[in-house]
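See below for the structure under consideration.
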Amino acid sequence: WPMRVFDRPAAGSRGSILWIGGRGDIIEKYLESIEEWHRAGWHVSALDWRGQGGSGRLLADPLVGHMPDFARWIDDLAAFWTDWTARMPGPHVIMGHSMGGHLVLRALLERKIAPAATVLSAPMLGFIGGLLPQGWAGGFAALVALFAPETKAWKQGEKPGAVDARRQFYLTHDADRYADEIFWKMKNPALALGPASWAWVAAAYRSNALIDAAGALEALDAPVFIVGTDGDKLVSPAAIRAAAARLPKAELLMFDKSVAHEVLREVDDVRDEIMDRITAFLDRAAPAP
C-alpha cells in the first residue's frame, strides 16, 4: 500500500522521532511541532495512515474513513517501524495523537514495536457521549456494521453529534492553528476526510476492549508520557486516567476543561508547557547517545 511519508532530516544527533496523527489527520497539521523537534536535533518522520490523508482511500467514497479491523493499521506501523529504525539514528521515539495514540499503544502491547520512549497525545482509549454503556454501544456498532459496514456512522465532521460551526472549539482554542489546517485542506482538497464508517466504529470498540483487557496494560514495562484534558469532547478523559494508572511506567499530564482535544495545537501557554514536559521526559527516558 502506498504510504505518504514526510522526513525532516536531523539538524543534530539527538535521535529520531516518528510522529503519527489521529483519525482524519494529515502530516501538515503538525509541521510546527515537527520543526521544533528538528531544531532540537531530532530527525523527525511522519506518515498518513492507510485510508486517509495522502495515503489513498479504502472506499469508493473518499470522504468516508473506513477500516474493518485496526490490526491492519498495526501491521502497517510494525512494518514501517522495522524499516525506519534500521535507517534512522537512535534513540528511536514514537508519538501518536488520538487514534494514532491508540494504535501506538496497541502496537506496544502486542510487542510489534520497541521504542526507547513513547508519547501519547489525547489517546483514543474510550469515547465521549452516547446513551449506551460502552459494551452495549460496541455491540450495537457491530450489529450495524454487519449489515452496513461502509455506511457513514454520522453525518459529517470528526465527532458524532458535533455541531459543525463549533468544530474548532472541540479541537483547539487557537484560531490561527485551526486556520492552518483549513489552509492545507483547501490547498489540496484530496487530503480531507469526513465521517467514519460503521465498520470503523465497530473496530474501534473491539480494539479498545483489547487494550482494556485484564493485565494488558500492567504488562507493559516501557516509559510512556501521556497528555490528556478534561475538556476533551472526542475521547474519554476518564479512560486516559485509568490507563495511565495501570501502566507501570506512565507519566500523565492532564489539563482542565479549558483545553481541547488537539493539545499540541492549543494556545501557546498550553502547548509550550506540553513541549517542555515532552523534552524533559525524553531527556530521562531516551537520553542523547
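Under the rule of -39500 (n - 2.57) per DSSP H run of 4 or more residues, summed and divided by the residues of the chain, what mean residue ellipticity at 222 nm is obtained, to the nearest 500 deg cm²/dmol?
-12000 deg cm²/dmol
What is the local net charge at LYS112, summed over the other residues whose Cβ is closer than 14 Å to its Cβ (Lys, Arg +1; Asp, Glu -1)?
-1
Which percent of the accessible area of the range 133-289 is formed by carbon and sulfur heavy atoms (probe 1.4 angstrom)?
60
Around TRP198, under 11 Å between beta carbons, what's the net of Lys plus Arg minus Asp minus Glu among the other residues?
0
Give the value in nm², to one decimal: projected area of the alpha carbon convex hull of the range 1-106, averaged over all directions.
6.3
For the chain, what proportion of DSSP beta bridges, expressed in % and rounded to the nearest 5, is antiparallel?
Roughly 20 percent of the DSSP beta bridges within the chain come out antiparallel.
Could you give each residue of the range 56-67 its phi-based ³J(HN,Hα) in whole Hz, using Karplus coefficients 6.51, -1.76, 1.60 with θ = phi - 60°, and x for Gly or Pro?
Coupling constants for the range 56-67: x, 10, 9, 10, 4, 7, x, 8, 8, x, 10, 6 Hz.
Got a sec? What order do SER13, SER33 fall in by accessible area at 1.4 Å, biggest, i.e. largest, first?
From most exposed to least exposed: SER13, SER33.
Determine the share of the range 1-90's accessible area contributed by carbon and sulfur atoms, expressed in whole percent, with a 1.4 angstrom probe.
Within the range 1-90, the accessible surface is 54 percent carbon and sulfur.
GNM, the chain, Cα, under 10 Å: largest mean-square fluctuation among ALA11, ALA46, ALA107?
ALA11
Students sometimes get this wrong: rank LEU143, LEU47, LEU58 by accessible area, probe 1.4 Å, all chains present, largest first.
Ranked from most to least accessible, the order is LEU143, LEU58, LEU47.
Using a Gaussian network model on the chain with a 10 Å cutoff between Cα atoms, which of GLU150, GLU28, GLU36 fluctuates the most?
Maximum fluctuation in the GNM of the chain, among the listed residues, is at GLU36.
With a 10 Å cut-off between alpha carbons and a GNM built on the chain, which of ALA86, ALA196, ALA243 moves the most?
So, out of ALA86, ALA196, ALA243, the one fluctuating most is ALA86.
When all C-alpha to C-alpha distances in the range 154-289 are sorted into bins of 10 Å, what percent of pairs does each bin hold, rounded to whole numbers?
Whole-percent P(r) values from 0 Å outward: 10, 31, 36, 21, 2.
Quick check on the range 226-289: take the gyration tensor over C-alpha atoms, sort the square-rooted eigenvalues as a ≥ b ≥ c, and tell me if it's rounded (a/c under 1.5), prolate or oblate.
Note, shape of the range 226-289 comes out oblate.
Give the separation of the Cα centroids, the range 195-251 to the range 68-86, in Å.
Using only Cα atoms to place each centre, the spacing works out to 19 Å.
Where only protein heavy atoms count, and the probe is 1.4 Å, what is the accessible area per residue for the range 142-289 in Å²?
With all protein chains present, the range 142-289 gives 48 Å² per residue.
Considering the alpha-carbon set of the chain alone, what are its Rg and its Dmax in angstrom?
Computed over the Cα atoms of the chain, radius of gyration and Dmax are 17.7, 53 Å.
Pull up all non-local amide H partners of GLU251: gap of 5 or more, or a different chain, and H-to-H distance under 5 Å with H placed in the peptide plane.
VAL224, PHE225, ILE226
The values are calculated or read from the model by the stated rules, or taken from the named source; none is laboratory data. Remember, predicted model here, so these are calculated numbers, not experimental data. Cβ: placed from backbone, ideal geometry, glycine included. Neighbour counts: every protein chain shown. For the accessible areas, the whole protein counts, side chains as well, though only heavy atoms, and no ligand, DNA or RNA atoms are used. Shrake-Rupley method; radii C 1.70, N 1.55, O 1.52, S 1.80 Å.
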